[in-house]
Amino acid sequence: MKNDLKLPVQDVNLEPFMATPPQYTRKKVLMKTDKVYKCKIINVIDLTEYEKLFHLKILDRVERKIFQFRPGQFVMLEVPGYGEVPISLSSSTNNHEYIELCIRKTGRTTNVLHEASVGAYVGLRGPFGNSFPMEKMQGNNVLLIAGGLGLAPLRGPLYWVSEYRDLYKDVHVLYGAKEPSQMLFTYQYNEWEKVNHINMLSIVENPDENWNGRVGMITELLDEIEIDPINTYAIVCGPPVMFKFVCNRLDKIGIPMNKMFVSLERRMHCGMGKCCRCMVGSTFTCVDGPVFDYWSVLNLKEAI
Amino acid sequence: MIYRVISKSEFRKFLESLIESNVTIGPVQSDVDRNNDPIYKFQQVHSADEIELDYTISYTAVKNFFLPYREKLSEYTFTDDDWDQTIEYRVHPRVLVGLRPCDINALNILDRIFYKGTYPSPYYISRRKNTFIIGLDHEPLPDCFCSSMNHHTVTEGFDVFCSDIGDSYYLAINSSPAFDFLKKFQVTVPTDEDDKSYIERRKFIKKSFKTNVEIGSLPSFLDIEFDSPIWKKWGDKCLNCGTCAMVCPTCYCYQVEENIAVNLKKASKDMMLYSCTILDFAEVAGGHNFRPKKEDRLKYRYYHHYRGFEENAKEPICVGCNRCGRACLADINPKDVINDLRLDNEERS
Ligand SMILES: Cc1cc2nc3c(=O)[nH]c(=O)nc-3n(C[C@H](O)[C@H](O)[C@H](O)COP(=O)(O)OP(=O)(O)OC[C@H]3O[C@@H](n4cnc5c(N)ncnc54)[C@H](O)[C@@H]3O)c2cc1C
Ligand code: SF4
Ligand code: SF4
Ligand code: FES
C-alpha cells in the first residue's frame, strides 16, 4: 500500500505582498508587518540634557511616499539589536523630506539612540494609532496644553493649525515644565508667536536665577486667558497627573469633555493590536488610541 | 461539509499514509503527574502506533504550533556602518491529529486575531494555511467546562473531524484536500443507522459534562465587578508565574526582544509569549507600573478572557478546557473565580 498524501505547500513568501513595502495605515491588508523603513539620521538637535530632536529621512523613495501621517500618530522606532520603541510623530504632516522625533533618554533603546550621530541608520514602522480630529476643530478656538515631554506629541497639531491658520480662531499654547533647563523647543516660541499668531504662554515650577517668566503650576496659565467654552477645543499632552488636573479645570470652565483630547501612554511591543501590552481595560492604546477624548478616558477602566 | 463513515482499521491506514508523506504531530504520553496520571503532549510521531487516540487532554495547548514560545520576527546583518533586514515566514506543511473540539475552537479564536483581525500576521497565517487538522471528539474530563462556553462542538477550522461511533468514525470533511485524500480509502456514505449513532454520540457527550460555569451576561457583570474585593482574595493567592497563560490555548500576549549574536555580525528581533500576570507586563520606562498589584494583573487576565476585546467582538475567548486551572500551583481556576464573582454580584444587587 502506497498512498501519496503529500500536503500541498502554500508558501506565503511567494505571495505578491512580499514584494511591496508595507503600508501601515491599511490595517486590514496582509503586509510584511515587521519590515522597517530604513532611515538615515540627518540631523540631531540637543534640546536639554535628556531630550534630543532627531531628523530622520526614509531612504527608499517609494517608502517615503507611502509614509503619510496625521497629528497624534506615532511610529515604532527600531535600533537593530537593541529594541523598538513607540515615539510620537513630532513634525508637520506636510514635511515629506524628513520626520522629526523628540526622544527622551530613559532606558535601553533610547540611551543608544542618544549615542547615535548623524549618518547612522535606524528602522521605522508606522504610522500607527488614531489622530487628533483637526477638521472637527475648524472654526473654533484651540487650546494646546503640554506638560514636560508632552510638547513633543503636541507639535503635530501645532504645525497643523499653523499651516491652516485661517481655519482656526484663537490658538493658545500653554506649556509647563519643572525647570527652565527642561523646556523644549525654546528656539521656536518666537516664531510661533510672531509668524503663526499663536499665543504662547509658559510656566515653570522651579525657577533658576536667569528665569524671569511665570512660576507655578500649568493650571495657573488658564487664568490668564479668556476662554469661550462653547467654541473651544483642547488638546492636553503630558503625564496622567497633569492632564487630570488640567482637564478637571477645563471641565469647570465649561468645555465639554468630548472636546478635550489627551494622548495616553502605555508599554508597547507591536503597535498593531497584537501583543496586548498597551491594553487599557478592553481597548488597545496602539490601535484605538493613543488619542482619546476625556469622556472616553473617564469611562475606560484603569485609564488613570 | 461532506459526511462519510470510515472503519477504525481503515482510519489507521489513512493515518499511516499521512505519516509516511508528511510531518505528523499527535498526542503522546510524555510523563505522569503527581497522582501518577498520564500527561499527554503533542509531538511529532513516526508511526500510527505512537499516537494515543484515547488520550484525555494535552497538558499544553496546540497553539504553540502556530504561536511558538519564541519566534524570530526578523534578522539583521551588520556591515561596517550599515545593516540589512531580512524577514522570512516559516512554511512547514504539517498534519495535526487528534485535536479536541475546544482545541480547534481555540484556533478559530486565534484566527480572528491573527488571521482576520487588524494587521493580519503572516507568521501565523503561514503556519495555519499549511497545517492539516484532524479533530477527534472525546468524553469530557470531570473539570472541563467547554459546554458552558459552547465550545464542546466545532463546525469550522479543521480539515476532518472524527466522531467515535463504536467500530467506526463518523467523519465531517471540511476541505478539498481532505476529501481527495479520503477518496483513496474505503469510506462510505453514512446510513440512517450511522446518523442515529452519531446523534446519540453527540447527546451523550453533551450530557457527560460535570462542570458548569454560568457565563451568561458575564461581559456586563465583569464591568460591574471591576472593583470587587473578590479580586484581592484571588490575587493574593496568585504567584504571578505566568503558567496559566503558557498552557492556555487562547492566551497570546507577547513580548518583543532584540538579541545581538556573539560575533556582533547579526541580530534578531524575537517575539516571546508572555503573560499578563507577570510583574512587568504593563511597566514602562521610568518604572511606572500601570498594574502594580497582583490582583490588578489577575483581574486583567480574566477581564481579557471573559469580557473580550473589540478585536474579538467582545466575546469570551476562553474555551473552557480548564488547562489553566489544572496547571495552577495556587489552585486558581475559572470556575471558582467566576462563581465567587457571581455570588458577590448577587449579594450586591
Ligand atoms: C504613543 C506613545 C508615544 C510616545 N512618544 C514619545 C516621544 O515622543 N518621545 C519620547 O521620548 N518617548 C515617547 N514615548 C515613550 C517611549 O516609548 C519610552 O520612553 C520608550 O519605550 C523607552 O524605551 P527604552 O528601551 O529606552 O526603555 P526600557 O525601559 O529599556 O524599555 C524596554 C521596552 O519597554 C517598552 N516601554 C518602556 N517604556 C515604555 C513607554 N513609556 N511606552 C511604551 N513602551 C514602553 C518598550 O517596548 C521598550 O523597548 C511614547 C510612548 C507611547 C506609548
Ligand atoms: S493564576 Fe496560577 S498559574 Fe496563573 S500566574 Fe497566578 S499562580 Fe501562576
Ligand atoms: S479554561 Fe483556562 S486554559 Fe482553558 S481556555 Fe479558558 S482560560 Fe484558557
Ligand atoms: S502595542 Fe501591541 S497591542 Fe498595542
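The values are calculated or read from the model by the stated rules, or taken from the named source; none is laboratory data. Computed from a predicted model, the values in this text were never measured in an experiment. Please note: Cβ atoms are built from the backbone with ideal geometry, for glycine as well, and neighbour counts cover all protein chains shown.
Quick look at the numbers
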item	result
Residue match in the stretch B:36-43 (condition: more than 9 Å from chain A (Cβ to nearest Cβ), touching a residue at least 12 places away in the same chain (Cβ under 8 Å) and of a type in the set (A, V, I, L, M, F, W, C))	yes
Hits in the stretch B:125-181 - residues which are surrounded by fewer than 20 Cβ atoms within 10 Å (Cβ to Cβ), without any contact (Cβ under 8 Å) to a residue 40 or more places away in the chain and assigned to a helix (DSSP H, G or I)	B:K129, B:S176, B:D180
Residue list for the stretch A:259-279, restricted to those being hydrophobic (A, V, I, L, M, F, W, C) and either within 12 Å of B:V256 (Cβ to Cβ) or within 10 Å of ligand 4 (Cβ to nearest atom) (or both)	A:M268, A:C270, A:M272, A:C275, A:C276, A:C278, A:M279
All positions within the stretch B:217-252 that are surrounded by fewer than 18 Cβ atoms within 10 Å (Cβ to Cβ), within 16 Å of ligand 2 (Cβ to nearest atom) and either over 30 Å from B:P101 (Cα atoms) or within 12 Å of chain A (Cβ to nearest Cβ) (or both)	B:K232, B:K233, B:D236, B:K237, B:L239
Pair list, Cβ under 7 Å, 6 or more apart: the stretch A:71-88 residue free of Cβ contacts under 8 Å to residues at least 60 places away in the same chain and on the phi > 0 side of the Ramachandran plot, other residue near ligand 1 (Cβ under 8 Å from one of its atoms) and not hydrophobic (A, V, I, L, M, F, W, C)	A:G83/A:R108; A:G83/A:T109
Members of the stretch A:269-294 that are part of a loop (DSSP other than H, G, I, E, B) and more than 9 Å from chain B (Cβ to nearest Cβ)	A:T285, A:C286, A:G289, A:P290
Boolean, B:D296 is facing chain A (nearest Cβ under 8 Å), under 28 Å from B:G117 (Cβ atoms) and not hydrophobic (A, V, I, L, M, F, W, C)	yes
Sole exception among (1) of a type in the set (V, I, T); (2) surrounded by fewer than 21 Cβ atoms within 10 Å (Cβ to Cβ); (3) within 14 Å of another protein chain (Cβ to nearest Cβ) for B:V97, by number	(2)
Residue in the stretch B:283-291 that is surrounded by fewer than 19 Cβ atoms within 10 Å (Cβ to Cβ), within 12 Å of another protein chain (Cβ to nearest Cβ), at negative phi and of a type in the set (A, V, I, L, M, F, W, C) present	yes
Selected residue (criterion: nearest to ligand 3 (Cβ to nearest atom)) from residues of the stretch A:84-98 that are under 23 Å from B:E258 (Cβ atoms) and either of a type in the set (A, V, I, L, M) or away from chain B (no Cβ under 12 Å) (or both)	A:V85
Number of the exception - B:Q255 against (1) within 16 Å of ligand 3 (Cβ to nearest atom); (2) polar (S, T, N, Q); (3) facing chain A (nearest Cβ under 8 Å)	(1)
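One line per residue, one yes/no per condition, for (1) assigned to a loop (DSSP other than H, G, I, E, B); (2) of a type in the set (A, V, I, L, M); (3) within 13 Å of the chain's Cα centre (by Cα):
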{"position": "B:I39", "(1), (2), (3)": "no, yes, no"}
{"position": "B:Q44", "(1), (2), (3)": "no, no, no"}
{"position": "B:T56", "(1), (2), (3)": "yes, no, no"}
{"position": "B:V95", "(1), (2), (3)": "no, yes, no"}
{"position": "B:C102", "(1), (2), (3)": "no, no, yes"}
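Okay, residues lined up against (1) part of a loop (DSSP other than H, G, I, E, B); (2) free of Cβ contacts under 8 Å to residues at least 40 places away in the same chain; (3) surrounded by 14 or more Cβ atoms within 10 Å (Cβ to Cβ); (4) assigned by TED's automatic domain parsing to the domain that holds A:V161:
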{"position": "A:N190", "(1), (2), (3), (4)": "no, yes, no, yes"}
{"position": "A:S202", "(1), (2), (3), (4)": "no, yes, yes, yes"}
{"position": "A:P207", "(1), (2), (3), (4)": "yes, yes, yes, yes"}
{"position": "A:N210", "(1), (2), (3), (4)": "yes, yes, no, yes"}
{"position": "A:E226", "(1), (2), (3), (4)": "yes, yes, no, yes"}
{"position": "A:I235", "(1), (2), (3), (4)": "no, no, yes, yes"}
{"position": "A:V241", "(1), (2), (3), (4)": "no, yes, no, yes"}
